[in-house]
1. Output the residues belonging to segment 52-74 that are hydroxyl-bearing (Ser, Thr, Tyr) and open to solvent by 10 Å² or more (accessible area, probe 1.4 Å).
2. Go through the residues of segment 92-114 one by one and say whether even a single one is touching a residue at least 12 places away in the same chain (Cβ under 8 Å) and charged (D, E, K, R).
3. Could you list all residues from segment 27-39 that are in contact with a helix residue (DSSP H, G or I) (Cβ under 7 Å, 6 or more places away or on another chain) and open to solvent by 20 Å² or more (accessible area, probe 1.4 Å)?
4. Only residues that are surrounded by 13 or more Cβ atoms within 10 Å (Cβ to Cβ) and part of a helix (DSSP H, G or I): list them for segment 103-117, please.
5. Looking at segment 118-136 only, could you name the residues that are in a helix (DSSP H, G or I), open to solvent by less than 100 Å² (accessible area, probe 1.4 Å) and not aliphatic (A, V, I, L, M)?
6. Would you mind stating whether Ile42 is under 11 Å from the mean Cα position of the chain (by Cα), of a type in the set (A, V, I, L, M, F, W, C) and open to solvent by 50 Å² or more (accessible area, probe 1.4 Å)?
7. I'd like to know if segment 78-99 contains one or more residues that are surrounded by fewer than 15 Cβ atoms within 10 Å (Cβ to Cβ), in contact with a strand residue (DSSP E or B) (Cβ under 9 Å, 6 or more places away or on another chain) and in a helix (DSSP H, G or I).
Amino acid sequence: MDLWDMIAPDLYIYQMFTTRRNKVFLALSGIFITNAITAELIGGKLIDVGPYLMSIGILPWPVVFLTTDLVNEYFGKDQVKKLSILTAALIAYCFLILLMAIGIPASTKTAGITDQQFNAVFGQSMWIIVGSITAFLVSQLIDAIIFQYVKKRTGNKWIWLRSTGSTVISQFFDSFIVLGIAFYLTGKMDFNMYVASGLTGYSVKLAIAVALTPLIYIGHGMIDKYLAKDGE
């Protein structure tokens, strides 16, 4: 092994953190992964929205889709797919670690968190996990495809259309897939409650997504300005 073979990996890692374009991708990826995992971890808590139920995990998802659109805009749908698969694997890993943690008895020598308390917070059923990961991957794929479809036909114009439009459609599937797998197919919700809860969650996510539309333009402006400093 010559000197170049020894230092090349280090140079590659160094370039990842020095190239402005790579820095943008790493920052967006960090925001994307953090919000996706957070949404999954808190998703087991159901709250009342009028007479209907909604998962509290809905709240971070608009940020995930917002970040998806920015990654898609600057790095393409292939990178969105890769990032989505990586995030799904990390979510599965988190649940695996939680499953192991649940299986280890808590100490009875201190007044810390009991097994019952820990399980009540993190002991989501396997169907919720399957539903969440499936909904995540399907909705991300739909979002990426629709975003690029609209962009090819509008060019650099109408950013709001490809961003909000792709989110509106993809979040519809996300809302109903997770509830369908985790609650309707398992008999925890009847059909009427399933539809009503799905529409409620979708409406909330849609309202948040529309409200975040200005952030798309702010994000574009910041990234364009940042990349322009290096002529990228």
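1. Of segment 52-74, the ones hydroxyl-bearing (Ser, Thr, Tyr) are 52, 55, 67-68, 74.
Across segment 52-74, the qualifying residues are Tyr52, Ser55, Tyr74.
2. No, segment 92-114 has no match at all.
3. To start, the set of residues in segment 27-39 that are in contact with a helix residue (DSSP H, G or I) (Cβ under 7 Å, 6 or more places away or on another chain) comprises 28-29, 31-33, 35-37, 39.
Within segment 27-39, Ile31, Ile33, Asn35, Ile37 qualify.
4. Answer for segment 103-117, where residues must be surrounded by 13 or more Cβ atoms within 10 Å (Cβ to Cβ) and part of a helix (DSSP H, G or I): just Asp115.
5. Just the residues of segment 118-136 that are in a helix (DSSP H, G or I), to begin with: 118-122, 126-136.
Next, from what is left, pick out any that are open to solvent by less than 100 Å² (accessible area, probe 1.4 Å): 118-122, 128-136.
Answer for segment 118-136, where residues must be in a helix (DSSP H, G or I), open to solvent by less than 100 Å² (accessible area, probe 1.4 Å) and not aliphatic (A, V, I, L, M): Phe118, Asn119, Phe122, Gly131, Ser132, Thr134, Phe136.
6. Working: under 11 Å from the mean Cα position of the chain (by Cα): no; of a type in the set (A, V, I, L, M, F, W, C): yes; open to solvent by 50 Å² or more (accessible area, probe 1.4 Å): yes.
Spelling it out, it is not the case that Ile42 is under 11 Å from the mean Cα position of the chain (by Cα), of a type in the set (A, V, I, L, M, F, W, C) and open to solvent by 50 Å² or more (accessible area, probe 1.4 Å).
7. no
Okay, residues lined up against (1) farther than 30 Å from Phe95 by Cα; (2) of a type in the set (A, V, I, L, M); (3) open to solvent by less than 40 Å² (accessible area, probe 1.4 Å):
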residue	(1), (2), (3)
Thr154	yes, no, yes
Lys157	yes, no, no
Lys205	no, no, yes
Gly219	yes, no, yes
Ile223	yes, yes, yes
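The values are calculated or read from the model by the stated rules, or taken from the named source; none is laboratory data. What you see is a predicted model, and the numbers here were worked out from it, not measured in a lab. We place every Cβ from the backbone using ideal geometry, glycine too, and count neighbours over all the protein chains shown. All accessible areas refer to the heavy atoms of the entire protein, side chains included, with ligands and DNA or RNA removed. Shrake-Rupley method; radii C 1.70, N 1.55, O 1.52, S 1.80 Å.
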